[in-house]
Amino acid sequence: MLKKVEITNFKNFNETFTFDLSDTKNFEFNQEAVKDGIVTKALVYGQNGCGKSNLGLAIFDMVSHLTDNQISKDKYLNYLNADSAETRAIFRFTLLFEGIEVIYEYAKKDYQMLISEKLTIDNKEVIFIDREESTKFRVEFEGAEHLKSNVGDSNISVISYVAKNTILNDNLINKVFNDFRVFVSNMLLFKNLDENLYIGQERGLQYVDDYIIRKNKLSDFENLLNKIGIKFKLKSKEIDGRMEIISIFKNKEIVFDEVISSGTYALGIFYFWYLKMQEKKISFVFIDEFDAFYHHDLSRLVIEMLKELTDTQIILTTHNTSNISNDL
């Protein structure tokens, strides 16, 4: 789980900004949203332009160099804070696996150019490199003793380099290292306020209709729509080699995507990712402006659905104060 992230000189975060999910003192409501002293379900409020989206981009910055997963390069333009003369952004992530704390620190000049990395597991430094000092790195994993410890001019993350070029011994520290990598690999950020943006998970096109149908969830999706007052009768049909959702009317049938509102479309995107969360394919999800196209009752329903997921850490952002309630 993500415990805390500290961000310096990235986008609008000029001075160090700390997002601490372990700060749960006086947290009297919704104890089911806290596990091992860490918030696992959070709703972040803030006015437009205050940095909610940039918080998500900061958390998902490490996806760009620790995985080969989907990334949105254009969102990482203007990487450094424009009011600062500093030439690097600094990130410090604190995570918890198997009750053991993992701290991953790194600095970058831009989203592609790593300067330094340091990984600490259970208070033991296991990986370190400062490319401004040397292209050689230190590694302290059992099983990595004979690994070539010089990355040369490559900008590869040492984390990835070690993982791809070693078979580590079977011990707790190495298991936690693998847990950390799996966690990052299974992270997801998405929003559909002005685009179908997602970061993390596999690259390439994601066919929402096809996935819902092949998972035999079309009836459940129809019931969800009906539950919130969106009355549709749906069926599936193969079109050009891909399964599509079809809306059934009295006199004709029309492709679902051609007759739905922005809110219904957003709900379909959410439901697609929700199914993957149910299948435990997503470790951490950040849904930016989650309720941009939702009315109040639908926003509450989405929150309640997400609260039922026990294996995914979830952060939602919104500027809608109508969702401020201890009941949620």
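Counting only residues that are within 24 Å of SER116 (Cα to Cα) and either of a type in the set (A, V, I, L, M, F, W, C) or in a helix (DSSP H, G or I) (or both), how many does region 176-209 have? Give the steps one after another, and end with the answer.
So the first thing to find is which residues in region 176-209 are within 24 Å of SER116 (Cα to Cα), and the list is 176-187, 199-200.
Filter once more, so that each one left must be either of a type in the set (A, V, I, L, M, F, W, C) or in a helix (DSSP H, G or I) (or both): 176-185, 187, 199.
Matching residues across region 176-209 total 12.
Can you tell me which residue within region 243-267, out of those that are of a type in the set (Phe, Trp, Tyr) and surrounded by fewer than 17 Cβ atoms within 10 Å (Cβ to Cβ), is farthest from ILE213 (Cα to Cα)?
Going through the qualifying residues, I end up with PHE249.
Could you list, in sequence order, the residues of region 1-17 that are surrounded by fewer than 13 Cβ atoms within 10 Å (Cβ to Cβ) and modelled with pLDDT of 95 or more?
Across region 1-17, the qualifying residue is only THR16.
Right, LEU309: within 23 Å of ILE230 (Cα to Cα) and either aliphatic (A, V, I, L, M) or modelled with pLDDT of 90 or more (or both) or not?
no
Name the residue, out of ASN323, ASN251, that is of a type in the set (S, T, N, Q), modelled with pLDDT under 90 and not assigned by TED's automatic domain parsing to the domain that holds ASP61.
Answer to the check: ASN323.
What residue, of ILE156, ILE212, ILE173, is modelled with pLDDT of 95 or more and assigned to a loop (DSSP other than H, G, I, E, B)?
ILE156
Within region 35-94, count every residue that is in a strand (DSSP E or B) and either among the aliphatic types (A, V, I, L, M) or surrounded by fewer than 19 Cβ atoms within 10 Å (Cβ to Cβ) (or both).
11
The values are calculated or read from the model by the stated rules, or taken from the named source; none is laboratory data. This is a predicted model, so every value here is computed, not measured. A quick note on method: Cβ atoms are made from the backbone with ideal geometry, for glycine too, and the neighbour counts reach across all protein chains shown.
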